[in-house]
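Student: Let me begin by handing over the structure; questions about it come next.
The values are calculated or read from the model by the stated rules, or taken from the named source; none is laboratory data. What you see is a predicted model, and the numbers here were worked out from it, not measured in a lab. Glycine also receives a Cβ, built like all others from the backbone with ideal geometry; neighbour counts cover every protein chain displayed. In case anyone asks, the SASA skips ligands and DNA or RNA and just uses the protein heavy atoms, side chains included. Shrake-Rupley method; radii C 1.70, N 1.55, O 1.52, S 1.80 Å.
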Amino acid sequence: MLPREKDFRSRLRGAQVTARVGVWLGLCFWIAFVTGVFSHYAQESTGATWLPTRPVSLYRVTQSVHVLVGTACVPLLLVKLWSVYPRLFARPDVRRLRATTVHLLERVSILALITSAIFELATGLANVTQWYPWSFGFRPSHYAVGWVATGALALHVAVKLPVVRSALGSDVDAAEPRTGSPAAGSAPAISRRNLLRATWIAAGTAVVAAAGSTVPWLSRVSVFAVRTGDGPQGVPINGTAAAAGVRKQIDDPSFRLVVDGPARRVELSRRDLERMRQHEADLPIACVEGWSAVGRWSGVRVRDLLALVGAPPDSRVKVRSLQRGRRRFDLPPQFAADPLTLLALGLDGEPLSEDHGYPCRIIAPGRPGVTQTKWVKRLEVVG
Ligand SMILES: Nc1nc2c(c(=O)[nH]1)N[C@H]1C(S)=C(S)[C@@H](COP(=O)(O)O)O[C@H]1N2
Ligand SMILES: [Mo]
């Protein structure tokens with residue numbers, strides 16, 4: 001037989017705990033939503049014309065925050081679900097139609113909230129560890145379900161506001177604020193206050209354990225950090241040249257970069273590119289997965305290449321990689337014109353390694369890592 005709500009007698013559960021954990025959980029979800037929508041639009045294939053080029057670490061900061069608040073949500077959500085799950089077994093009085101209807105409606109909204117929240121955390125975590133055990137696209141689904149979760153959350157907050165208010169106003173270890181009952185049942189082994197402390201510590205530990213992917217001095221203690229800044233030339237790599245199937249082409253001495261503009265079209269060997277005026281830029285690679293690392297890139301300004309083919313600096317540039325079937329990420333005008341946007345030939349004083357995009361790759365300030373195309377073969381001015 002199914003248990004009933006009153007069969008769960010732990011005094012550790014209570015609206016005081018649920019509300020306090022819920023406030024933090026709601027805040028983290030909201031921050032994750034805002035930074036997530038930003039990240040989604042910053043990755044538009046045709047290039048986000050609204051995206052500022054400064055600060056250069058803009059996406060690094062927003063995406064680290066996104067992944068870290070998401071990580072904090074895992075222990076918070078577990079404690080919150082634990083604190084309310086006896087309510088799953090509450091049964092409405094079916095003789096009262098209205099109460100039953102309200103009960104069912106509330107249950108449906110809670111179901112949407114819980115499933116979407118679990119979906120977001122599970123797919124997000126899997127993405128951070130680069131584990132894609134599903135066949136649907138991560139980004140569109142994570143984005144769409146983010147809206148479901150945020151909508152369900154707004155409804156939930158509105159419905160629960162009176163309970164939350166009264167629970168936050170009463171002492172954590174006091175009896176239930178609404179019923180005022182002295183909460184019968186066995187004395188808990190720890191107080192609610194200590195349960196909350198343990199929850200904050202768990203959330204903080206999860207964040208510190210993951211933050212090393214993006215905060216260098218934390219990398220030694222960050223056991224969950226997948227990327228730690230070790231990789232060729234001090235910058236991690238996401239996909240190798242071998243995995244991208246480009247090794248043969250990048251070793252080919254007849255490689256020519258094609259730049260296609262309104263006045264002419266030029267073909268440049270790596271040698272030709274090296275003979276052009278070289279510039280340096282300290283810029284981060286900041287991956288959607290939450291890791292990031294700064295490199296000292298050197299190479300040719302994209303706007304100098306545009307000048308070669310008679311295009312104004314603020315042109316929109318289509319970027320093509322040697323890698324077949326790779327999604328395209330154009331350079332919108334503000335990035336093409338930026339003096340820090342390079343067609344990089346070197347990293348950390350050495351020629352670019354194969355896995356970092358040899359013979360040449362795009363590096364632009366403030367953009368998502370995924371848009372920093374490696375193994376570039378063609379730049380085409382499209383407007
Ligand atoms: N052609 C190509 N460019 C690419 C990728 C890729 O798979 N293929 N990965 C992107 C992603 S997701 C990131 S985060 C950065 C990683 O850059 P790095 O490998 O030089 O660190 O490159 C981007 N450029
Ligand atoms: Mo990435």
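Student: Of the residues ARG320, ARG95, ARG54, which exhibits the maximal mean-square fluctuation in a Gaussian network model of the chain defined by a 10 Å Cα contact cut-off?
Tutor: It is ARG95.
Student: Could you state the principal axis extents of the C-alpha atoms in the chain, from the largest down, to the nearest angstrom?
Tutor: Taking max minus min along each principal axis of the Cα atoms, the chain gives 81, 45, 36 Å.
Student: Scan the range 1-69 for trypsin sites (Lys or Arg not before Pro) in coil per DSSP, keeping those whose Cβ has at most 13 other Cβ atoms within 10 Å, and list them by number. If you can, show how the numbers build up before the last one.
Tutor: On the way: sites: ARG4, LYS6, ARG9, ARG11, ARG13, ARG20, ARG60; in loops: ARG4, ARG9, ARG11, ARG13.
Loop-located and lightly packed - ARG4, ARG9.
Student: Give me the number: length gained by fully extending ALA122 to ARG95, i.e. 0.36 nm times residue separation minus the C-alpha to C-alpha distance, one decimal in nm. Walk me through the intermediate numbers first.
Tutor: On the way: separation 27, 0.36 × 27 = 9.72 nm, distance 3.94 nm.
Taking 0.36 nm per residue and subtracting the Cα distance, the gain is 5.8 nm.
Student: Over 25 Å, how big is the tail of the calculated P(r) for the range 1-136, in percent of all Cα pairs?
Tutor: Working: 4107 of 9180 pairs.
Counting pairs separated by more than 25 Å, the tail of P(r) holds 45 percent.
Student: If you don't mind, there's one more thing I want to ask. Give me the percent of the accessible area of the chain that comes from carbon and sulfur atoms, probe 1.4 Å, all protein chains in place. Kindly include the intermediate steps, with their values, before the conclusion.
Tutor: Numbers: 11770 of 19100 Å².
Ligands and nucleic acids excluded, carbon and sulfur give 62 percent.
Student: When you take every Cα atom in the range 1-81, what is the radius of gyration, and what is Dmax, the widest Cα pair distance, in Å?
Tutor: 18.9, 61
Student: What's the magnitude of the charge dipole for the chain around its Cα centre, counting Lys and Arg as +1 and Asp and Glu as -1 at the beta-carbon? Answer in Debye, nearest 20.
Tutor: In debye, rounded to 20, the chain gives about 1060.
Student: Moving to a separate point now. Across the range 283-383, how large is the tail of the calculated P(r) beyond 20 Å, expressed as a percent of all Cα pairs?
Tutor: On the way: 1604 of 5050 pairs.
Percentage above 20 Å: 32.
Student: Based solely on its DSSP helices, what 222 nm [θ] is calculated for the chain when runs of n ≥ 4 H residues each add -39,500 (n - 2.57) and the sum is averaged over all residues, nearest 500 deg cm²/dmol?
Tutor: Working: 10 runs with 166 residues, N = 383.
That comes out to -14500 deg cm²/dmol.
Student: A further question follows. List the aspartates and glutamates whose Cα sits under 15 Å from the Cα of LYS374, skipping any in the same chain fewer than 8 residues away.
Tutor: ASP251, ASP330, GLU354, ASP355
Student: Per residue, how many Å² of accessible area does the chain show with a 1.4 Å probe?
Tutor: Values: 19100 Å² over 383 residues.
For the chain, the solvent-accessible area averages 50 Å² per residue.
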